[in-house]
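First up is the structure itself, then whatever we jot down about it.
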Amino acid sequence: MKSLCTLLLSLSAFAAAPPPPEKRVSVIIIGMDKGADALTLKLEGFANDALAEYQGLSLKTSDDLFGVAPDEDAVASLKRAEQGFAESKASFDARTYDDAERKLRATIKEYSKAAAAMKTCGNLCESVAMYATVLQARGDLEESKIAILDLIALSPSYDLDRKRYPQNFLALKAQVATSRNAQLRGNISVKSKPAGARVALNGEFQCFTPCALNTLPIGKQLVRIDRPGFRQVGQLVEVSVEDQDITADLVPTSGYKAFDGLKEKLAGEALRDKGGSAMTSVANSLKLDRAVIGLLKDIDGTSELTLGYYDLKAGKRFALKKASFQGDEFGQLKGEIGRMVNALVNYDNAEKVSRSSDPLDGRHGMEEWNADDKGGRNKERDKKKNGKDPLEGVNGTEDW
């Protein structure tokens with residue numbers, strides 16, 4: 001009886017024991033040349049998606065580690081613009097259009113300066129709509145139509161309050177939306193230093209620099225550029241039928257500068273079986289336990305990626321994978337990076353599982369259907385051919 005009570009108490013204590021803490025892990029991909037910089041953030045995102053599927057790992061993205069520093073001048077302009085919007089709206093609702101027009105001009109100008117601090121057009125769209133209305137009210141139809149084109153470009157589906165806006169303005173907006181000018185398009189080429197920054201158009205992610213924003217409706221477009229560890233950049237661009245170029249020189253934060261100074265040394269340590277002082281520094285400064293560290297090179301248009309999984313504090317490398325690829329025309333790159341990450345993490349997990357005498361242990365019955373399991377190991381490929389049939393062990397989908 002006493003033994004039973006002791007056992008029950010032990011089981012109760014075991015059940016009440018808290019789960020082990022999650023290991024803090026991040027993906028760090030180092031571009032070894034300027035050509036590789038354009039892909040690093042994109043590949044980190046693919047690797048993060050794969051790591052997010054694993055229990056016991058607390059994923060820290062580059063945004064978590066370095067953040068995106070705000071443009072203080074843009075933040076100040078946004079604050080002034082919001083104040084101007086409130087005052088303009090009061091004058092507009094009171095139908096004092098002369099006063100509203102003056103205030104709206106100043107407000108829209110402040111919003112233009114605040115582009116780096118804006119995620120969507122927000123009250124800018126409402127300001128442009130009010131401005132177009134007062135222009136129509138004083139008889140300047142052509143200027144009003146231009147402002148309406150700006151509104152349509154910023155937000156094609158922006159819904160206007162029919163109680164606030166007069167019926168003749170709503171009719172003019174519908175007329176402009178189906179006009180020839182509304183069908184015109186323009187292109188914007190976006191570059192940044194360093195490359196690989198995210199580009200958002202009117203609040204929606206589009207691409208990584210360098211890239212092109214094509215067939216945009218003419219009028220104002222809100223372009224925002226950001227990269228973890230750098231200050232935000234934004235611009236309210238007036239799109240026309242002539243192609244335009246935007247080049248942003250990104251300013252790093254002090255925290256990112258400290259990490260950037262370690263990258264070259266970290267890259268050298270990532271190729272060794274054991275890490276060194278750079279890995280320890282990264283572990284301490286970024287508060288990480290583990291990391292997937294990638295070294296990316298661009299060689300004549302071919303990207304070569306070496307990806308390793310590391311215990312940063314112990315300087316232990318669990319596994320290493322290499323791959324080469326050209327572009328991402330068919331969207332296959334995400335799957336390839338995911339398989340590499342799964343192979344690395346599963347290699348570490350496999351070391352913790354004791355071997356069983358059961359020949360079916362660890363098999364799920366679907367090996368023939370999908371030889372690449374989540375860990376990226378092709379068990380069918382590892383089998384030795386014992387027969388004389390040259391097609392033995394070949395399922396016809398290897399090239400895919």
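Computed from the coordinates by the stated procedures, all read-outs in this text should not be read as laboratory data. These numbers were taken from a predicted model, which means no experiment stands behind them. Cβ placement follows ideal geometry from the backbone for every residue including glycine, while neighbour counts extend to all protein chains displayed.
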How would you order 60-68, 226-234 from highest to lowest mean count of nearby Cβ atoms within 10 Å? 226-234, 60-68
Quick one: net charge of Cys211's neighbours, Cβ under 13 Å, K/R +1, D/E -1? +1
Around Arg138, what is the net charge, scoring Lys/Arg as +1 and Asp/Glu as -1 over all other residues with Cβ under 10 Å from its Cβ? -4
Rounded, prolate or oblate: which fits segment 72-182 when a ≥ b ≥ c are the square roots of the eigenvalues of the alpha-carbon gyration tensor, with rounded for a/c under 1.5 and prolate only if a/b beats b/c? oblate
Under 5 Å, built H, 5+ apart or other chain: amide partners of Arg24: Ser58, Asp289, Arg290
Whole-Hz ³J(HN,Hα) from phi, Karplus 6.51 cos²θ - 1.76 cosθ + 1.60, for segment 63-76, glycine and proline x: 5, 5, 6, 10, x, 10, 6, x, 7, 4, 5, 5, 4, 5
Just give me a number: lysine pairs in segment 87-159, eight or more positions apart or cross-chain, with C-alpha atoms less than 19 Å apart. 5
Prolate/oblate/rounded label for segment 217-335 (Cα gyration tensor, a/c 1.5): oblate
Segments 27-39, 315-327 sorted - mean Cβ within 10 Å per residue, highest first: 27-39, 315-327
Based on alpha-carbon centroids, what's the gap between segment 158-198 and segment 228-278 in Å, whole number please? 32
Summing +1 for each Lys or Arg and -1 for each Asp or Glu, what net charge is found among the other residues whose Cβ lies under 12 Å from the Cβ of Glu238? -1
If amide hydrogens are placed 1.01 Å from N in the peptide plane, which non-local residues have theirs closer than 5 Å to the one on Ala248? Lys191, Ser192, Lys193
Hey, rough spin-label estimate for Lys265 and Thr120, points 7 angstrom out along Cα→Cβ, what's it come to in nanometres? 4.6
